[in-house]
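One structure below.
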Amino acid sequence: MEQITHKGRIVAIDPDITTIEIIAESACASCHAKGLCGLGEEKVKQVQVRTSAWNPHNVGDEVEVVLKKSIGYKAVFIAYGLPLVVLFVALMLLGALGVGELWAGLGALGAVAVCYFVLFLFRNKISKEYSFFLK
């Protein structure tokens, strides 16, 4: 199982969530998966990891944050691929129905907005599947 890993420091611990601060290193620039994890830029980022109550870590501990590469590909498809498919399908359908180009384009953009709104509504369910874990 291929994994994407980043070193980070724990900045907060709640009963179910541990917040980890990650500073993207210069090695991220050459990483082929930098677009998947969103940590490729050299910025300080915070990720939240679901942990149990018996979490052995403390604030300030150095940890490794891991994401399965296959999950990263699924996330990219949901965030970019699915709306692109919705855009093209809506554009083709509206064009085939004889709607003018302007209205077909606006309708397709509206369909993409609806797609993102539906993703927003299901964000909690989706985030349970797409989560980081500590190593």
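Quick note: the coordinates plus some simple rules give every number you see, no bench work behind them. Fair warning: this is a prediction, and the values are worked out from it, not measured in the lab. Note that each Cβ is placed from the backbone with ideal geometry, even for glycine, and that neighbours are counted across all protein chains shown.
Could you tally the net charge around residue 2, taking each other residue with its Cβ under 11 Å from the Cβ of residue 2, Lys/Arg +1 and Asp/Glu -1? Within the 11 Å Cβ shell, the charges total +2. In terms of other Cβ atoms within 10 Å, 20, 71 run from fewest to most in the order 71, 20. Modelled spin labels at residue 102 and residue 2, positioned 7 Å past Cα toward Cβ, are 4.7 nm from each other.
Kindly rank 13-19, 117-123, 105-111 from highest to lowest mean number of other beta carbons found within 10 Å of each residue. Intermediate results must be reported in sequence, preceding the final value.
Details: 13-19: 14.1, 117-123: 10.9, 105-111: 15.9.
For the peptides 13-19, 117-123, 105-111, the packing ranking is 105-111, 13-19, 117-123.
Using the per-residue mean of other Cβ atoms lying within 10 Å as a proxy for protection, in what order, highest first, do the peptides 83-89, 95-101 fall? Let's see the in-between values first.
Working: 83-89: 14.3, 95-101: 11.0.
For the peptides 83-89, 95-101, the packing ranking is 83-89, 95-101.
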